[in-house]
């Protein structure tokens, strides 16, 4: 969602289609009439889809990991909030995913040593996914190469594009 600072003069439209004059907005939300307070609204036809105090919102999103710094303008901070919402950080691996990755590595360990012979990078997707999610490290990729699960070239490609 894109945001902007309410100028205190613009009529706002609620999600139910109600059009509020600036006076009605202040009547409903008295803090909106306090000097020095800035409020964020949605930059879309339904502008009152959100009504958030600027500083509290910046603090909240900064704690969540949004790239908001003290030197930013209000417009830059709002753009950073929108970008954070559009591109949220990946969720950390769940315990079940960690267990599955450990079992997958255990299966790789059970393979016979191949001395570099690779079966068409048979495990390439699995190995790459586990490495990119932080579930396997480079040493585990080296074992996968030794067991023939992936080629050395594939390992090098995975480690170059990640981390």
Residues of the range 12-36 being in contact with a helix residue (DSSP H, G or I) (Cβ under 7 Å, 6 or more places away or on another chain) and surrounded by fewer than 13 Cβ atoms within 10 Å (Cβ to Cβ), which ones? 15
When residues of the range 1-24 are limited to those that are in a strand (DSSP E or B) and closer than 20 Å to residue 79 by Cβ, the one farthest from the chain's Cα centre (by Cα): 5
Would you mind stating whether residue 83 is touching a helix residue (DSSP H, G or I) at 6+ places or on another chain (Cβ under 9 Å) and either in contact (Cβ under 8 Å) with a residue 12 or more places away in the chain or under 17 Å from residue 134 (Cβ atoms) (or both)? no
Could you go through the range 105-120 and let me know if any residue there is more than 30 Å from residue 28 (Cα to Cα) and in contact (Cβ under 8 Å) with a residue 40 or more places away in the chain. yes
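Bear in mind that the values in this text are calculations on the coordinates, not laboratory data. Since this is a predicted model, take the numbers as computed values, not measurements. Counting neighbours? That spans all protein chains shown, and the Cβs are built from the backbone with ideal geometry, glycine included.
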